[in-house]
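Inspection log for the structure reproduced underneath, given as structure tokens.
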Amino acid sequence: MDAFIANTTLRADDFLARFPYASSFTGEQSLAFHQTLPAYKASPLHSLQSWAIRLGVSQIYLKDEAQRFGIQAFKSLGASYALHQWLTQNPTTGQVTFCTATDGNHGRAVAWAARILGHRAVVFVPQQTVQARIDNIAAQGAKESVVAGDYDLAVQTAQQAAQTNGWHLIQDTAWEGYAQIPTWIMQGYCTHFKELENTLHPVGKPTIDLVLLQAGVGSWAAAAILYYFQRYGDNRPKIVVVQSSEADGLLASAKQGQLTSSTQSGQTQMAGLNCPTPSTLAWELISDGADGLLAISDDWALEAMRQLYHQTPSLVAGESGAAGLAGLLALSQAPHLAEAHQWLGLNPQSRVLVFNTEGNTDPANFERVVSPKP
Ligand SMILES: Cc1ncc(COP(=O)(O)O)c(C=O)c1O
């Protein structure tokens, strides 16, 4: 069931005093690193004019990560920057093995980054992972292993395997005692916010009113929060975090006022968001910095994928990739979210930013979703 929780945020000065490390979330250093990679190209920004008319706002911008580094998701930004930082701090002459757990995109990104930087990767995936996503990881030369359980179990398994085998864990979620690597990953994500400074929002004066950010463990949304507080202070846009209603750990935590895991079914096609337990780091930042948390059912994501694909020009978004736009669709069309729509102040002057965080990573399901209904 769709749900929205409005959240009270800190003033920018208080937020930045509480999280002084926000000053390293400008995206400058990560962009400088990413620009050294041969396949680097800023991802495109589209204006979705017909969507804006349909949803009654002035502008909807979509930053499209479907082709990022040829591996179809923004996760490559975080994994490559974390590996680069790790290798800078641990200079090595031989090959090392990096290890991680994933719902698909992060593992593929670690496998890709390890390969291009001359190292090895071992990737653990939950039982539900579709074969196409496992094959995408294997295609990067990584060894993959399926765990008999969910994402949380895959993370525990990767952690234990790293300890037992002397591998180096590159996980995109934080817990007590494990924060450095997820911090580097989050800093790496800031490259694509920084890219927007040349196209959409000059520093200090964002030309958007609302940004919707889809979340699994919440690291990406938290990186955006650090970026927007750091760069735009109290002029930042409103920030809404979007989760699957079947993997709603951040909403559950917001309801309880403390970090907790989702108790929902974990049955969602938004595989990249299917993480029961939020990152500790992400939760702190989201609870102090997000204006709202929204949980949506799969139907909205599938509808957004369909509409993006059948528009001109056609855009390709995976299930999790479409989730931010799907959140806006739900806010604009679901009668039970009308109050949230009003609370966020959405009106014909509003300018909204969403990210397509993933391309077609499960071709069989993509085909099913976008094919005309019989
Ligand atoms: C396509 C896609 N979008 C968004 C996310 C959310 O990122 P996070 O887990 O940092 O919340 C993921 C996570 O894997 C993803 O694969």
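Brief remarks follow.
- Helix-only CD estimate at 222 nm, as mean residue ellipticity for the chain, using -39500 (n - 2.57) per DSSP H run (n ≥ 4): -12500 deg cm²/dmol
- Accessible area of the range 182-226 belonging to carbon and sulfur atoms, whole % at 1.4 Å probe: 52
- The chain: most fluctuating residue of Thr97, Thr183, Thr88 per GNM, C-alpha cutoff 10 Å: Thr88
- Dividing the C-alpha radius of gyration of the range 114-156 by 2.2 N^0.38 Å, with N its residue count, gives 1.18.
- Residues whose amide H comes within less than 5 Å of that of Phe98, counting only those at least five positions distant or on another chain, are Arg120, Ala121, Val122, His168 (H built at 1.01 Å from N in the peptide plane).
- Each Cα pair under 8 Å and six or more residues apart adds its separation to the average, and for the chain the resulting relative contact order is 23 percent.
- Accessible area per residue (1.4 Å probe, heavy atoms of protein chains only) ranks Arg115, Arg306, Arg68, Arg351 as Arg115, Arg351, Arg306, Arg68, with the largest value leading.
- Here the accessible area is traced with a 1.4 Å probe on the protein chains. For the range 75-177, carbon and sulfur cover 46 percent of it.
- Largest mean-square fluctuation among Asn136, Asn198, Asn235, in a Gaussian network model of the chain whose springs join Cα atoms under 10 Å apart, belongs to Asn198.
- The alpha carbon centroids of the range 74-96 and the range 254-306 are separated by 28 Å.
- Ranked packing of 357-366, 69-78, most packed first, by mean Cβ within 10 Å: 69-78, 357-366
- Bridge type composition, the chain - antiparallel percent by DSSP, nearest 5: 25
- Over all other residues within a Cβ to Cβ distance under 13 Å of Ala6, the charged ones net out to 0, with Lys and Arg as +1 and Asp and Glu as -1.
- All aspartates and glutamates inside 13 Å of Lys194 as judged from Cα atoms, apart from same-chain residues fewer than 8 positions distant: Glu28
- Counted charge near Arg54, where neighbours are those whose Cβ lies closer than 15 Å (Asp, Glu -1; Lys, Arg +1): 0
- Exposure rank, largest accessible area first [Lys63, Lys194; 1.4 Å]: Lys194, Lys63
- Seen from Trp167, the other residues with C-beta closer than 12 Å to its C-beta sum to a net charge of +2, counting Lys and Arg as +1 and Asp and Glu as -1.
- Within the straight-line cut-off of under 24 Å between alpha carbons, the lysines reachable from Lys255 are Lys238, sequence neighbours fewer than 8 places apart in one chain being disregarded.
- Computed FRET value (nearest 0.05) for Leu117 with Gln333, which takes r as the C-beta separation and R₀ as 30 Å: 0.10
- For the range 268-366, a Kirkwood radius taken over Cα pairs fed into Stokes-Einstein (37 °C, viscosity 0.692 mPa s) yields D = 223 µm²/s.
- Zone of Thr199's modelled label, taken as backbone nitrogen in the range 279-323 under 19 Å from a point 7 Å along Cα→Cβ: 308-309, 311-318, 321-323
- For the range 1-65, carbon and sulfur atoms together expose 53% of the accessible surface, with a 1.4 angstrom probe and every protein chain in place.
- Straightening the chain between Met1 and Glu176 buys 59.9 nm, computed as 0.36 nm per residue apart minus the Cα-Cα spacing.
- Kirkwood hydrodynamic radius (C-alpha pairs) into Stokes-Einstein, the range 1-159, 20 °C and 1.002 mPa s, D in µm²/s: 117
- Whole-number accessible area per residue in Å² for the chain, which is evaluated in the context of all protein chains at 1.4 Å: 39
- Zero-based 5 Å bins, Cα pair distances in the range 75-177, whole percents: 2, 15, 27, 26, 19, 8, 3, 0
- Once the convex hull of all Cα atoms in the range 139-285 is built, its volume per residue stands at 145 Å³.
- Within straight-line cross-link reach of Lys143, lysines at Cα separation under 19 Å, skipping those fewer than 8 residues along the same chain: Lys75
- Cα convex hull volume per residue for the chain (Å³): 128
The values are calculated or read from the model by the stated rules, or taken from the named source; none is laboratory data. Note that the structure is a prediction, hence the values are computed from the model and not measured. Cβ atoms come from the backbone with ideal geometry, glycine included; neighbour counts cover every protein chain shown. These area figures cover heavy atoms from the full protein model, side chains too; ligands, DNA and RNA do not enter into them. Shrake-Rupley method; radii C 1.70, N 1.55, O 1.52, S 1.80 Å.
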